[in-house]
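Please treat every number below as a calculation from the coordinates, not as lab data. Nothing here was measured: the structure is a model prediction, and the numbers come from that model. When we count neighbours, we look across all protein chains shown, and the Cβ atoms used for this are built from the backbone with ideal geometry, even at glycine.
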Amino acid sequence: DGVAPRGFAYGMPTIRVDGNDLLAVYAATAAARAIGTEQGRPTLVEAMTYRVGAHSTSDDDSKYREPSAPEEGWDDERSYWEARSPIVRFGRYLHQRGCFSGADEERMRRALRKEAIAALSAAEEAGRPSPHHLFTDVWDVEPPALQQQRAALQEHMARHPAA
């Protein structure tokens, strides 16, 4: 399972890390960076984690999630993994060391909520970006398939200007 064996197959240094452990991920990326800067070699870092939410709002995740928890003492698979969330785990770490209190967390949540709402409001006022930008951020020279997609979009927009 996972992609780490592919790194070994390509002769790359490979690190598999608990992706729900922020400090472990930090250590793994620091080690990968050191290999890159000191040896000039790429490193594959595979952060093993669990996606608590569904793939999308139209996705019925009950089709691929277990109805029971992987361990006794949990209501279901989701609650088991929510308790292992990187945010929850790091928060507990900071609380245990006296670096962060419940009151600090509540203040930060309120402030960040206001900041997020302000950013969303600003984004709504900014208007739609030009569809042209769908095609300008990856390729230096557009491949033929992308040129065809651009032409199809331009044709569609010409036929449906309100879209």
Could you work out the relative contact order of region 1-112? I mean the mean sequence separation of Cα pairs under 8 Å and 6+ apart, divided by the number of residues, in percent. 21
Env charge @ Arg51, Cβ radius under 11 Å, K,R +1 / D,E -1, value 0
Of Tyr64, Tyr93, Tyr26, the most mobile residue in a GNM of the chain (C-alpha springs, cutoff 10 Å) is Tyr64
Quick check: pseudo-label points 7 Å beyond the Cα along Cα→Cβ at Gln96 and Asp75, how many nm apart are they? 2.5
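Taking every pair of Cα atoms in region 36-163, average 1/r, invert it to obtain the Kirkwood radius, and report Rg/Rh to two decimals.
Value, to two decimals: 1.10.
Semi-axes, largest first, in whole Å: what does sqrt of 5 times each Cα gyration tensor eigenvalue give for region 1-107? Before the final figure, lay out each step's value.
Details: eigenvalues 177, 108, 27 Å².
Each semi-axis is the square root of five times an eigenvalue, giving 30, 23, 12 Å.
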Compute the acute angle (0 to 90°) between the alpha-carbon long axis of helix 144-159 and the principal axis of greatest extent of the alpha-carbon atoms of the chain; round to the nearest 10°. 70
With r defined as the distance between the Cβ atoms of Asp61 and Leu23 and R0 fixed at 35 Å, what FRET efficiency is calculated, to the nearest 0.05? 0.75
Considering the options Thr57, Ala34, Ala24, tell which one lies farthest towards the positive end of the dipole of the chain, charges being +1 on Lys and Arg and -1 on Asp and Glu at the Cβ, about the Cα centre. Ala34
With springs only between Cα atoms under 10 Å apart, run a GNM on the chain and tell me which of Arg113, Arg92, Arg78 wobbles the most. Arg113
Anyone know which of Thr136, Thr37, Thr57 comes out most mobile in the 10 Å Cα GNM of the chain? Thr136
Sort region 74-129 into rounded, prolate or oblate with this rule: let a ≥ b ≥ c be the square roots of the eigenvalues of the Cα gyration tensor; rounded if a/c is under 1.5, and if a/c is not under 1.5, prolate when a/b is larger than b/c, oblate otherwise. oblate
